[in-house]
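Peer 1: Quick one: structure below, then a few questions.
The values are calculated or read from the model by the stated rules, or taken from the named source; none is laboratory data. The model shown is predicted, which means the values in this text are computed figures rather than measured ones. Neighbour counts run over all protein chains shown; Cβ positions are idealised from the backbone, glycine included. These accessible areas exclude ligands, DNA and RNA; they are computed on the full protein's heavy atoms, side chains included. Shrake-Rupley method; radii C 1.70, N 1.55, O 1.52, S 1.80 Å.
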Amino acid sequence: MKVHEYQAKEIFSEFGVPVPEGYAVFSVDEAEEAAKKIGGRVAVKAQIHAGGRGKGGGVKLVDNPNEVRKVAGEMLGMQLITHQTGPEGKEVQRLLVEKATPIARELYAGIVLDRTTGRYVVMVSTEGGVEIEKVAAETPELIIKEWIEPGFGLLPYQARKLAYALQLEGDQVKQGIKCLRALWRAFEANDCSLIEINPMVVTETGEVLALDAKINFDDNALARQPDLSGLRDLSEEDPQEVEASKYDLNYIKLDGNVGCMVNGAGLAMATMDIIKLHGGEPANFLDVGGVASSDTVANGFRILINDANVKGVLINIFGGIVRCDRIAQGIIEALQEMKVSVPVVVRMEGTNAEEARKLLQESSLEFIVAGTLEEAAQRAVSAAGGGQA
Amino acid sequence: MSILVGDQTRLIVQGITGGEGSFHTEQMVKYGTQVVAGVTPGKGGQKDANGVPIYNTVAEAKAAGEANAAVIFVPSSFAADAITEAIAAQLEVVVCITEGIPTFDMVRVNALLNGSSTRLVGPNCPGIITPGQCKVGIMPGFIHKPGKVGVISRSGTLTYEAVYQLTELGIGQSTCIGIGGDPIIGSTFLDLLKLFAEDKDTDGVVLIGEIGGSAEEEAAAWIQETGFSKPVVAFVAGRTAPPGRRMGHAGAIISGGQGTAQSKIEALQAAGIHVCDSPAKIGETVKRALA
């Protein structure tokens with residue numbers, strides 16, 4: 001789960017990671033009020049779940065409260081386009097109005113899981129304020145890492161090492177250590193999957209501050225972090241994906257026109273790949289779970305055909321423990337209740353696949369029943385008109 | 001022979017009285033797996049529908065059933081603790097089927113595994129099967145056929161697909177292992193390739209990878225360095241997956257440009273591995289590679 005910058009900064013504050021004074025606002029009036037409260041120069045920052053906001057016009061420095069009204073008015077409701085939003089951009093509904101501070105240095109700090117070692121790793125770099133992926137690719141030696149020993153947390157010597165690697169001086173070293181250790185505590189206490197401060201800055205007056213903040217949470221741990229659910233902003237998510245998540249379905253919308261519904265995530269990805277291989281473009285990823293039931297199939301199908309781009313559907317089920325004939329029955333019942341105007345290709349293999357095919361063929365609905373995965377992909381692509389949306 | 005599980009396996013089912021646990025215990029017993037004990041705290045002294053004795057703790061179950069392996073069907077909030085209990089009881093092979101374990105829990109489990117005598121497979125996996133001998137997991141037994149090809153996969157139903165293709169072509173399997181779709185798993189491609197390398201009865205290996213992480217690249221590098229002598233066929237799912245999105249499995253995500261299918265395919269090909277373009281051609285490719 002992702003959250004907004006201002007929400008991440010609230011968590012930072014709670015754990016003692018220093019952030020500039022700032023207020024989340026939803027209207028021009030609130031923006032002006034926030035600017036007055038802060039006094040002096042402020043930054044107005046669009047709150048969307050994507051990076052690269054500055055380049056897209058989503059971060060503006062403003063000198064007086066009247067100007068804040070104007071800038072906030074322009075920003076609220078705009079479609080902000082960044083390299084992470086896609087070409088349609090994201091509508092700005094919230095702003096963060098924050099005290100602007102003269103910056104001496106821009107640094108980077110982050111915590112992620114290192115899958116190779118199975119440990120969390122705290123990373124810092126003197127190259128802040130730029131895309132860290134770029135730094136990692138071009139000058140990996142400028143990223144300094146310390147791995148967390150499970151159960152020990154970020155130890156004082158590790159935090160010192162990182163603070164010195166950031167070339168902090170004098171009192172900044174102490175501030176840096178405090179900031180990094182607080183960052184780790186925030187990460188651990190909230191079951192985060194990623195924290196990034198880019199940039200972490202040293203101000204002209206020698207303060208270490210988190211100027212930006214990004215936190216992702218481990219979806220698997222949300223059940224034991226009940227307070228976090230209130231931070232979810234559904235307007236940042238695709239409505240179809242939100243709908244699918246209500247039924248415990250894994251749905252991700254894509255740009256193509258061949259809708260697909262598959263049991264199991266790996267097979268679902270492989271099905272998308274084979275659609276592409278045969279000249280089509282998948283409209284989505286949809287995993288109805290390894291053990292598909294007629295209910296999950298019906299719900300999945302409803303979500304799938306809500307996408308207006310879908311010109312053909314491929315249902316690929318490998319029945320193991322779950323019997324194909326049962327699923328076929330579920331598909332028939334679900335489709336009889338819905339007006340489906342696009343061709344539906346069904347491929348079933350595994351337990352009772354033969355009976356399932358017979359059921360589909362003998363039903364009053366016009367299924368295209370495919371024998372092999374390859375045939376299914378070919379027929380689905382051609383049924384959708386060759387993959388062009 | 002085979003690897004990890006076989007005729008010698010004496011299995012404990014942790015979470016034997018839950019919905020999944022009881023259903024799959026019956027399936028495993030029917031397949032011929034020696035299920036010697038079950039564990040559900042509070043239900044010690046009872047027996048399940050198959051007559052398997054239930055204990056309160058893994059240690060008791062192990063002692064009473066002379067068990068050497070466990071399979072875990074415990075819900076995600078308690079699964080890490082169940083794995084830890086199995087490690088403490090020094091079971092040789094532990095398979096965790098449970099999906100959705102918090103990553104922090106698995107980081108701690110992973111630290112305990114290092115230096116322990118336990119090999120963990122999973123979590124979030126279908127389990128292990130040595131066809132004709134022993135099934136420890138949730139895969140449909142009947143699609144498998146005893147033989148000499150090893151299968152290692154991060155997926156569930158995609159593994160069944162691949163196995164089904166092999167069996168249809170008359171190619172049997174020595175052992176098939178679903179290693180799981182999570183970012184932290186007990187056994188990697190590399191760990192299991194090493195076991196297959198030593199297994200006299202495995203003539204070739206199928207690797208089914210997917211986007212996310214670098215386990216496929218690490219396996220490829222090892223194959224290249226050691227000159228692994230058995231033919232390897234691979235498929236990597238997720239060429240069409242968008243970056244930054246989690247594709248069903250918690251571990252299937254391209255992040256910061258890392259973990260793409262392309263990178264994995266290139267690394268595998270550089271190591272001389274046959275990489276299938278199409279998931280429909282895994283069986284055929286194995287047939288050609290073994291010819």
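Peer 1: Relative contact order of chain A: what whole-number percent is it, with Cα pairs under 8 angstrom and at least 6 residues apart?
Peer 2: Reported as a whole number, the value is 13 percent.
Peer 1: Over chain B, what percent of the accessible surface lies on carbon and sulfur atoms, probe 1.4 Å?
Peer 2: The value for chain B is 49 percent carbon and sulfur by accessible area.
Peer 1: Before I look further, what does the stretch B:140-290 give for accessible area per residue, probe 1.4 Å, in whole square angstrom?
Peer 2: Accessible area per residue, the stretch B:140-290: 33 Å².
Peer 1: I've got another one for you. How far is helix A:373-383 tilted off the main Cα axis of chain A, in degrees rounded to 10, range 0 to 90?
Peer 2: With rounding to tens, the tilt is 90 degrees.
Peer 1: What number, rounded to the nearest 500 deg cm²/dmol, is the helix-based mean residue ellipticity at 222 nm of chain B, given -39500 (n - 2.57) per DSSP H run of at least four residues and division by all its residues?
Peer 2: -10000 deg cm²/dmol
Peer 1: Quick one: if you take sqrt(5λ) for each eigenvalue of the C-alpha gyration tensor of the stretch B:140-290, what semi-axes come out, biggest first, whole angstrom?
Peer 2: Sorted largest first and rounded, they come to 23, 17, 14 Å.
Peer 1: Which value, in Å² and to the nearest 10, is the accessible area of A:Trp184 when all protein chains are kept and the probe is 1.4 Å?
Peer 2: Probe radius 1.4 Å; accessible area of A:Trp184 about 10 Å².
Peer 1: With the contact rule set at Cα under 8 Å and sequence spacing of 6 or more, what percent relative contact order holds for the stretch A:89-241?
Peer 2: 25
Peer 1: Also, I was wondering about something else. Taking only C-alpha pairs under 8 Å that are 6+ residues apart, what is the relative contact order of the stretch B:1-113 in percent?
Peer 2: Rounded, it is 25 percent for the stretch B:1-113.
Peer 1: Let me ask you something else. Go through A:Pro156, A:Pro343, A:Val44 and say which Cα lies farthest out towards the positive end of the charge dipole of chain A; charges sit on Cβ, +1 for Lys and Arg, -1 for Asp and Glu.
Peer 2: A:Pro156
Peer 1: Relative to the longest principal Cα axis of chain A, at what angle does helix A:324-337 sit, 0 to 90 degrees, rounded to 10?
Peer 2: Once rounded, the angle reads 80 degrees.
Peer 1: Nothing charged except the Cβ atoms of Lys and Arg (+1) and of Asp and Glu (-1): what's the magnitude of the dipole of the protein assembly as shown about its Cα centre? Round to the nearest 20 debye.
Peer 2: So the dipole magnitude of the protein assembly as shown works out to roughly 500 debye.
Peer 1: Taking a cut-off of 14 Å between Cα atoms, list the aspartates and glutamates near A:Lys9, but don't count ones fewer than 8 places away on the same chain.
Peer 2: Answer for A:Lys9, where 14 Å is the Cα cut-off: A:Glu21, A:Glu98, A:Glu196, A:Asp212, listed by chain and number.
Peer 1: Name the residue farthest towards the positive end of the dipole of the stretch B:10-121 from the options B:Gly115, B:Gln14, B:Gly65, assuming +1 on Cβ of Lys and Arg, -1 on Cβ of Asp and Glu, about the Cα centre.
Peer 2: B:Gly65
Peer 1: Residues of the stretch B:158-203 losing 40 Å² or more of accessible area relative to the isolated chain, 1.4 Å probe, heavy atoms only?
Peer 2: B:Glu161, B:Tyr164, B:Pro183
Peer 1: What order do A:Thr296, B:Thr157 take when sorted by accessible area (1.4 Å probe), most exposed first?
Peer 2: A:Thr296, B:Thr157
Peer 1: Which residue, A:Ile177, B:Ser77, A:Gly73, has the largest displacement toward the positive end of the dipole of the protein assembly as shown when charges sit on each Cβ (Lys, Arg +1; Asp, Glu -1)?
Peer 2: B:Ser77
Peer 1: Quick check on chain A: helices-only [θ] at 222 nm, where DSSP H runs of length 4 and up contribute -39,500 (n - 2.57) each and the sum goes over total residues. Nearest 500, please.
Peer 2: After summing the helix terms and dividing by the residues of chain A, the value is -11000 deg cm²/dmol.
Peer 1: Report, as a whole number in µm² per second, the diffusion coefficient that Stokes-Einstein gives for chain A at 20 °C and 1.002 mPa s using the Kirkwood radius over alpha carbon pairs.
Peer 2: Value of D from the Cα-based Kirkwood radius: 90 µm²/s.
Peer 1: Might you tell me the accessible area per residue for the stretch A:236-389, computed with a 1.4 Å probe and given in Å²?
Peer 2: 38
Peer 1: How do A:Ser341, A:Ser245, A:Ser125 rank by accessible surface area computed with a 1.4 Å probe, from largest to smallest?
Peer 2: Ranking A:Ser341, A:Ser245, A:Ser125 by accessible area, largest first, yields A:Ser341, A:Ser245, A:Ser125.
Peer 1: Something else: At a Förster distance of 22 Å, what's the computed FRET efficiency of A:Val59 paired with A:Tyr164, Cβ-Cβ distance as r, to 0.05?
Peer 2: E between A:Val59 and A:Tyr164, to the nearest 0.05, is 0.10.
Peer 1: Gap in Å between the Cα centre of the stretch A:206-256 and the Cα centre of the stretch A:1-34?
Peer 2: 17
Peer 1: Can you flag which of A:Lys2/A:Lys246; A:Lys253/A:Lys311; A:Lys36/A:Lys70; A:Lys36/A:Lys214; B:Lys30/B:Lys200 are past 21 Å Cα-Cα?
Peer 2: A:Lys36/A:Lys214; B:Lys30/B:Lys200
Peer 1: I'd like the antiparallel share, as a percent to the nearest 5, of DSSP beta bridges with both residues in the protein assembly as shown.
Peer 2: Percent antiparallel among DSSP bridges in the protein assembly as shown is about 50.
Peer 1: In Å², rounded to the nearest 100, what is the total accessible surface buried by chains B and A against each other with a 1.4 Å probe?
Peer 2: 4000
Peer 1: Can you give me the Cα centroid spacing of the stretch B:91-155 and the stretch B:23-68 in angstrom?
Peer 2: With the stretch B:91-155 and the stretch B:23-68 each reduced to a Cα centre, they are spaced 18 Å.
Peer 1: Can you tell me how much longer the chain between A:Ile103 and A:Ala223 gets when fully stretched, taken as 0.36 nm per residue apart minus their C-alpha distance, in nm with one decimal?
Peer 2: Extra length from A:Ile103 to A:Ala223 when fully extended: 39.2 nm.
Peer 1: Where does helix A:5-15 land angle-wise versus the long Cα axis of chain A, in degrees 0 to 90, nearest 10?
Peer 2: Computed tilt is about 60 degrees.
Peer 1: Here's something else I'd like to know. Could you compute how much accessible surface A:Glu127 exposes when probed at 1.4 Å, giving the result in Å² to the nearest 10?
Peer 2: Taking all protein chains as shown, A:Glu127 has close to 70 Å².
Peer 1: Please give the solvent-accessible surface of B:Phe142 in Å², to the nearest 10, using a probe radius of 1.4 Å with every protein chain present.
Peer 2: Surface open to solvent at B:Phe142 totals about 120 Å².
Peer 1: For the stretch A:152-195, which whole percent of the accessible surface, found with a 1.4 angstrom probe, sits on carbon and sulfur atoms?
Peer 2: Looking at the stretch A:152-195 in its full context, I get 53 percent from C and S.
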